[in-house]
Amino acid sequence: MTHCGPSSYAIYIYVKGKPPSVHSAVDASSSIRTSQDMAGAPPPNPVPVAYQGGSASVPDWLNKGDNAWQMIAATLVGLQSVPGLVILYGSIVKKKWAVNSAFMALYAFAAVVICWVTWAYRMSFGDKLLPFWGKAGPALGQKFLIKQAALPASTHYYKNGAVETAEILPFYPMASMVWFQCVFAAITLIILAGSVLGRMNIKAWMAFVPLWLTFSYTVGAFSLWGGGFLFHWGVMDYSGGYVIHLSSGIAGLTTAYWVGPRSTKDRERFPPNNVLLMLAGAGLLWMGWAGFNGGDPYTANIDSSMAVLNTNICAATSLLVWTWLDVIFFHKPSVIGAVQGMITGLVCITPGAGLVQGWAAILMGILSGSVPWFTMMVVHKRWILMQKIDDTLGVFHTHAVAGLLGGFLTGLFAEPELCALFLPVTNSRGGFYGGSGGIQVLKQLAGAAFIIGWNVVVTSIICVVINFVIPLRMSEEHLLIGDDAVHGEEAYALWGDGEKYDETKHGLHSDDFTTHPQPSTGATQVV
């Protein structure tokens, strides 16, 4: 049976060995209607409201393609966190912290979802309260969620008060916008967690997540995306180089300072417990970035396609450059290093994904594979201050340095025609293209300075306040034992690091007296 019109059906009569006849379908349909009319029976049921154009379910403003892509993009970004970073975190740390690290990511995702729909979404994308903050409010009611998506503070004006760029009104419901932005907020907290794995008190983390989301993330999101002062000033952040990566990298380093370092044994030797699973998590992160950058035009348009292609170009280039540097200087291609290079490439292209040309994406990949490598492998090891702050996964280098670099390079390479497809400020361009491009570079640096300053101050206040109530750092016993003490659970049913030998539990003592070589400390390792 197939639809013949908006409110009728046609029945195809199949004859063995012959295709269905349109005439037979019409005749059959007509004869059925005639017999029903003669019998006084009601006509066939109309097409369900959910499929009718112009109905409450399919309003005139709805573009089904845009809505489908936005929900798919949101799902891809969600998969970056759950299970992507859950797997990556649980695998890249040593065995005794696998459960705790994975759970910190999982908990943050769930907590952000509830906080987001309860008050944080409107603080990020609602009506203006302050030039850098929106008014808090729920995003839970039916009337709010089924109406057309809108960013009320996004109308851009000329200096004389005339409208330059109208309010952002995507062709899908608020529910799609709320969920899409929610997964971005969630992954930001999860990235931040990478700086404090292996020693932050899980109860302190449970308090930290909603506080940081409320007082830090929403400020950056509104300022740069929701219609705040940086948005109207014309600072470019296509998909979160500043809002997500620079903020999480700076806040992660700040939180690591206040929490304190891991145990001495953990800092001296912190091998990943499962490199293959780590690669699986990294793969989900990479492929999920298609939604991360491809969904930010809020529509399935040509700019979205440019963003997805540039994302993969930059990530691949960065991975290769980082690996080559490891081989050149340490004579070994590090798998962890390849993952770090992949991440820095993804982060670097994010603020300019749909704004730069392909050749610029390659240049950005070369720099994102080398500059963060230099800060992690050289500067970090020689700068006493960086040695004192224990950033477990090097989030400062992979996200803060790469995000700042990407924002600066976007200010250089943003192509005018591509800018016109996305940005509210007309005639925007990068410094490479002359004109007002030089001012754009200064805007990018000023925007970064605001995000850095706000995160250092607010994150410090949050950590100090929490520490008055809940210790930020685990007890020494928990630091010694790990998952078994903190959660009463272990990632693998094996005897290993942080666990006292018990013959009744672990079996006979090993007869293996072979001296095993220590892992290399040359090529990229977990910081």
Most to least accessible of E268, E167 (protein chains only, probe 1.4 Å): E268, E167
A449-T118 pseudo-label distance in nm [points 7 Å out on the Cα-to-Cβ vector]: 3.7
Separation of the I328 and I470 label points, Cα + 7 Å toward Cβ, nm: 4.6
Heavy-atom accessible area ranking, 1.4 Å probe, most first, across V99, V339: V99, V339
Spin-label pair Y492/V58, simplified geometry with 7 Å Cα→Cβ offset, distance in nm: 5.3
Relative contact order (%) - segment 64-481, alpha-carbon pairs under 8 angstrom, separation at least six: 22
Carbon + sulfur, % of accessible area of segment 64-481 - ligands and nucleic acids excluded, 1.4 Å: 72
Shape category assigned to segment 158-263 from the gyration tensor of Cα positions, a/c cut at 1.5: prolate
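Summing +1 for each Lys or Arg and -1 for each Asp or Glu, what net charge is found among the other residues whose Cβ lies under 15 Å from the Cβ of I451?
0
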Segment 293-306 - phi-based ³J(HN,Hα) in whole Hz, Karplus 6.51/-1.76/1.60, Gly and Pro as x: 9, x, x, 7, x, 6, 6, 8, 10, 5, 5, 4, 5, 4
Other-chain or far-sequence residues with amide H under 5 Å of I168's (modelled H): L151, S154, T155
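Please list L285, L140 from largest to smallest accessible area, probe radius 1.4 Å, with all protein chains kept in place.
Details: L285 10, L140 105 Å².
Per-residue accessible area, sorted high to low, gives L140, L285.
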Spatial extent of segment 64-481: Rg and Dmax, with the Cα atoms as the point set, Å: 20.2, 65
Whole-Å semi-axes of the ellipsoid equivalent to segment 72-218 (Cα gyration tensor, √5λ, descending): 33, 16, 14
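The values are calculated or read from the model by the stated rules, or taken from the named source; none is laboratory data. Predicted model, so just to flag it, every value in this text is computed and none were measured. Note that each Cβ is placed from the backbone with ideal geometry, even for glycine, and that neighbours are counted across all protein chains shown. Note: areas computed on protein heavy atoms with side chains; ligands, DNA, RNA excluded. Shrake-Rupley method; radii C 1.70, N 1.55, O 1.52, S 1.80 Å.
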